[in-house]
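First the structure, in the form of C-alpha cells, and then the observations on it.
The values are calculated or read from the model by the stated rules, or taken from the named source; none is laboratory data. Everything numeric here is computed off the predicted structure, so don't read it as measured data. Heads up, the Cβs are rebuilt from the backbone with ideal geometry, glycines too, and the neighbour counts pull from every protein chain shown. The accessibility values were calculated without ligands, DNA or RNA, using every heavy atom of the protein model including side chains. Shrake-Rupley method; radii C 1.70, N 1.55, O 1.52, S 1.80 Å.
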Amino acid sequence: VQLQASGGGLAQAGGSLRLSCTATGNSFDINNMAWWRQAPGKARELVALVSRSGNKQYGDSVKGRFAVSRVDAKNTHLQMNNLKPEDTAVYFCWADGTMAGVQYWGRGTLVTVSS
C-alpha cells in the first residue's frame, strides 16, 4: 500500500485548504486512515483520524475547524477551515492495516498559513 497526499499550499489566516489522500495497492488491507502533522522543532501530532466504519477523532487544536471524511476504503479528505498560523506544518497521510502492527505513511505535504 502506498499513500499519496495532495492539496497542501499557502493560505492566509482565516482561510481554507483541503487535503486529499489516496491509497494505492491493496486497499482491502486498510483499516483506519488519519492525518498527522509536524511543525518545525515540534513532535508529530495527530490531527484527525477516521475509521473504516466512519468514526472520527480530532486533535484538540483543530476541533471545530477541521473535518475529516472517508470517501471509500482508500480515499480520505481533510477540510481545514479557519486556518491559523500555528497550523503551519508538514501534513502526513497515515493508515494502518487490518493486521496488527502494520502502518503506512505517505510523503508529507506542506501547509503554510500566513498571518
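Things to note:
- Hits in segment 55-69 - residues which are in a helix (DSSP H, G or I) and open to solvent by less than 100 Å² (accessible area, probe 1.4 Å): Ser61, Val62
- Residues located in segment 95-108, provided they are in contact with a Cys (Cβ under 9 Å, 6 or more places away or on another chain) and closer than 15 Å to Leu46 by Cα: Ala95, Tyr104, Trp105, Gly106, Gly108
- One residue stands out among those in segment 12-22 that are farther than 16 Å from Ala67 by Cβ and in a strand (DSSP E or B): the one that is farthest from the chain's Cα centre (by Cα), which is Gln12.
- Identity of the residue in segment 40-54, among the small types (Gly, Ala, Ser) and either in a loop (DSSP other than H, G, I, E, B) or touching a residue at least 40 places away in the same chain (Cβ under 8 Å) (or both), that ends up nearest to Gln103 (Cα to Cα): Ser51
- Filter result for Val111 (without any contact (Cβ under 8 Å) to a residue 24 or more places away in the chain and either closer than 18 Å to Gln4 by Cβ or of a type in the set (Phe, Trp, Tyr) (or both)): no
- Scanning segment 86-115 for residues that are of a type in the set (Phe, Trp, Tyr) and open to solvent by 50 Å² or more (accessible area, probe 1.4 Å) gives a single hit, Trp105.
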